[in-house]
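Data first, discussion second: the structure below is written as structure tokens.
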Amino acid sequence: MTEGRAESIATGLSAAGLATYLTCPRRYEFARVHGLEGDGDETAIDDRVALLRTAICDALRRGNTDEASLVDAARERLEALWADHDERFHSLAQRRHERRVLEATLEAYAERVGVDHAAGIDRLAADATDGGLVGPGLPLSSAVSVPGEDATVTIDASVDYVYADGSSVVGVRFVPTLAPLGLLRYRSDWEGAVAEEFTDHFDPDAETFEPAFVGTLFETAVVIDGLRNRCDRLGLEGRTCRYVQIPLADRSGTSVNWVRETVEASLETVDLTEPYLDHHTYGMTHEHRNRTVDDRLAAVVSRLSERAFDPTDRWDDISNTVCPTCEYTVCCQDHLAQEVRFDG
């Protein structure tokens with residue numbers, strides 16, 4: 001890649017940035033290229049997820065592998081973090097309720113997967129040549145070759161911890177909900193509906209516009225490749241790699257007894273490796289990989305390197321689904337040109 005092309009890609013290309021670009025190239029330009037992305041965009045839900053993420057990871061780092069000890073350690077850490085949490089609630093009763101929801105989520109996590117994951121971290125630590133298994137925010141990176149260019153571009157992502165599950169190394173990331181996954185939440189195979197929706201998103205003659213869905217598949221590709229690179233550094237070559245998301249703010253699994261002031265929660269997890277995995281590619285490479293997703297990812301990175309921020313080819317979809325809630329419409333030439341027109 002020439003120096004000019006290399007410099008044209010915004011510093012710190014990430015899986016999250018790719019999702020923004022897929023949603024609207026112009027939004028990416030404003031946020032990532034011109035540096036207009038705000039620092040205070042996180043919601044109260046994001047902040048609470050961050051508290052839980054930190055509490056769980058700190059408890060896992062202590063090496064507790066039984067349920068009671070894991071829950072006690074996480075609850076103790078959450079208590080300290082909650083004392084400094086300055087979110088505004090309309091009453092003390094609401095603050096106490098939200099605290100109970102977080103504690104119920106901790107218990108559901110430990111019961112559903114936490115004990116098994118803690119044991120898997122222990123097993124992986126025994127085999128790894130170095131630490132760095134528990135975050136939060138363990139950095140990963142994947143090098144993507146740009147089509148037609150003799151160079152690669154690094155894309156960053158992260159997981160909150162990694163653990164061993166048989167011969168696989170699994171990366172886990174805590175998220176608020178699984179809603180953005182769309183079809184990926186309910187399908188376990190690439191062949192069929194998942195492959196069709198992915199390819200239709202890039203077909204100008206199709207009506208499909210699913211940037212969050214496509215962005216998740218791109219993120220999965222980046223994370224799994226990043227995990228392979230991390231395994232190489234940890235002396236864990238030859239392991240297959242998988243990627244799991246766990247929601248920490250999904251109220252659909254929460255049951256509240258307002259009389260007794262108790263909260264119970266259940267937890268759903270999604271292994272994104274299965275709907276991402278192309279078995280034809282796997283049969284040839286023996287790696288969890290999807291050539292269709294990888295090729296399209298490289299094509300999108302190439303468009304980014306060319307500073308292709310014109311959304312014209314998907315403008316109808318973007319204007320209908322993205323613009324109504326976009327914070328950049330006040331300075332977006334594409335939006336303003338549509339809104340301000342002269343008859344005749």
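The values are calculated or read from the model by the stated rules, or taken from the named source; none is laboratory data. The shown structure was predicted, so the numbers you read here are calculated from the model rather than taken from an experiment. As a convention, Cβ positions derive from the backbone with ideal geometry for all residues, glycine included, and neighbour counts pool all protein chains shown. To get the accessible areas, we keep the full protein, side chains included, count just its heavy atoms, and leave off ligands, DNA and RNA. Shrake-Rupley method; radii C 1.70, N 1.55, O 1.52, S 1.80 Å.
Summary of values
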quantity: Whole-percent pair-distance distribution, where bins are 20 Å wide, for the alpha carbons of the chain; calculated: 27, 55, 17, 1
quantity: ³J(HN,Hα) computed for each position of region 290-305 - Karplus, 6.51 cos²θ - 1.76 cosθ + 1.60, integer Hz, glycine/proline x; calculated: 9, 5, 5, 5, 4, 5, 5, 4, 4, 5, 5, 4, 5, 5, 4, 5
quantity: The chain - percent of accessible surface contributed by carbon and sulfur, probe 1.4 Å; calculated: 46
quantity: Amide H within-cut-off set for T269, under 5 Å, with H built and near neighbours excluded; calculated: none
quantity: Semi-axis lengths (Å, descending) of the ellipsoid that matches the C-alpha gyration tensor of region 163-241; calculated: 29, 14, 12
quantity: Accessible area expressed per residue, the chain, with surrounding protein chains retained (probe 1.4 Å, Å²); calculated: 49
quantity: Loop GluC sites (Glu not before Pro), region 262-293, which have at most 16 other Cβ atoms in a 10 Å radius of their Cβ (DSSP); calculated: E268, E287
quantity: Residue-by-residue Karplus 3J(HN,Hα) for region 197-212, coefficients 6.51, -1.76, 1.60, Hz, glycine and proline x; calculated: 5, 5, 5, 5, 4, 9, 8, x, 8, 8, 8, 6, 9, 10, x, 5
quantity: Interchain or long-range residues, amide H under 5 Å from V144's placed H; calculated: V153, T154, I155
quantity: Residue-wise HN-Hα coupling along region 224-231, computed from phi with Karplus coefficients 6.51, -1.76, 1.60 (Hz; x: Gly, Pro); calculated: 5, 5, x, 5, 4, 5, 5, 4
quantity: Charge dipole magnitude, Cβ of K and R +1, D and E -1 - the chain, Cα centre, debye nearest 20; calculated: 780
quantity: Measure of compaction for region 100-206 (Cα Rg per 2.2 N^0.38 Å); calculated: 1.40
quantity: Residues L81 and F202, FRET efficiency given R0 of 51 Å [Cβ-Cβ distance, rounded to 0.05]; calculated: 0.75
quantity: Long-range HN-HN contacts of S158 with modeled amide H, under 5 Å; calculated: L140
quantity: Highest average packing first - 13-20, 320-327, 201-208, Cβ atoms within 10 Å; calculated: 13-20, 320-327, 201-208
